[in-house]
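Shown next, in structure tokens, is the structure this report addresses.
The values are calculated or read from the model by the stated rules, or taken from the named source; none is laboratory data. A quick note: this is a predicted structure, and the numbers were derived from the prediction, not measured. Here the Cβ positions follow ideal geometry from the backbone for every residue, glycine too, while neighbour counts run over all protein chains shown. Accessible surface is based on the protein model in full, side chains and every heavy atom, while ligands, DNA and RNA are left aside. Shrake-Rupley method; radii C 1.70, N 1.55, O 1.52, S 1.80 Å.
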Amino acid sequence: MRQRNFRALIASVVLLMGLAVAGPAAAQPPGAGPWQHWYWSVTAGSYRAEDNPGQLASPGSELALGVGVGYRYTRHLSLEVEVPLFYSRYDTPATVSPPPFGTIDDRSSVNTAGIAGNVVLNTGGQRVRGFVGVGAGLYWSRFSVGGQSFGLTGTYERDDSGFGSQWLAGVDLRVGRRSWLGLEYRRVNLTANFGQVTNGDIDLGGRFVLLAFRSGF
């Protein structure tokens, strides 16, 4: 699974580099276009994680957040850096044993944070614009599950980190001079290995439906 994720990452990076190199050729001189500006972004919405039967199964539809900064390089090309955060709950795997004379919770959780770069192409509309993009980044994930023993509570945790890739598509509606409100769909490819908890690689990727607000500065 990690090999498949690594190949997806390499393919995304190659595409990112190709788009970044092709962008300047299509761009007008600096300052020639009113679209050239920096902007910040905030995203929030739902995250539906992949199911991993026998490892981390029965994920819920949980929360995803993100903040970022970008530069609209040409009318149709933007470069972004973002910090995504997402969270999901799963059935606690059978590989996690309760403490002596204790119990563990039926549901466990995985929290993930990352730093990613995206290349985004948009239709350049003045009022409404569609967009597609690809990205790659480094992610940190933490598995945790609560338990009790002799009246005391505690948390068992395992960490992992690795590279991931994503693609995204959506539509933006202009709500200000340089402000846009959009609806966005993302597909993230990410694997993790929490040691004896998962006994191998698992798929932490999933599908995201996000509201996004972008504003120039």
Ordering of 183-194, 46-57 by burial proxy (mean other Cβ atoms within 10 Å per residue, highest first): 183-194, 46-57
Stretchable slack from residue 152 to residue 193, in nm (0.36 nm times residue separation minus alpha-carbon distance): 11.9 nm
Computed E for residue 58/residue 115 - FRET, C-beta separation, R0 25 angstrom, nearest 0.05: 0.30
Inter-probe distance in nm under a simple model that places probes 7 Å from Cα toward Cβ, at residue 207 and residue 161: 3.1
Label-zone membership for the stretch 63-81, site residue 37, 7 angstrom Cα→C-beta point, backbone N under 16 Å: 69-79
Relative packing of peptides 143-154, 202-213 - highest average C-beta neighbours within 10 Å first: 202-213, 143-154
Segments 123-129, 36-42, 66-72 sorted - mean Cβ within 10 Å per residue, highest first: 66-72, 36-42, 123-129
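With Rg and the Kirkwood Rh both taken from Cα atoms, where does Rg over Rh land for the stretch 61-125?
So for the stretch 61-125, dividing Rg by the Kirkwood Rh gives 1.30.
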Dipole in debye (nearest 20) - the stretch 55-135, about Cα centre, beta carbon charges: Lys, Arg +1; Asp, Glu -1: 560
Potential extension, residue 144-residue 217 segment - 0.36 nm per residue separation minus Cα distance: 22.4 nm
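What FRET efficiency do you get for residue 127 and residue 51 if R0 is 35 Å and r is their Cβ-Cβ distance, rounded to the nearest 0.05?
The computed FRET efficiency comes out at 0.30.
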Euclidean distance of C-alpha centroids, the stretch 122-136 and the stretch 146-217, integer Å: 21
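List the relative contact order of the stretch 65-194 as a percent without decimals, with contacts defined as Cα pairs under 8 Å and 6+ residues apart.
Contact order relative to length: 20 percent.
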Accessible-area order (highest first, 1.4 angstrom probe) of the listed residues 101, 86: 101, 86
Cα-centred dipole magnitude for the stretch 93-184, charges only on beta-carbon of K, R (+1) and D, E (-1), debye, nearest 20: 680
Normalised alpha carbon radius of gyration of the stretch 105-217 [divisor 2.2 N^0.38 Å]: 1.42
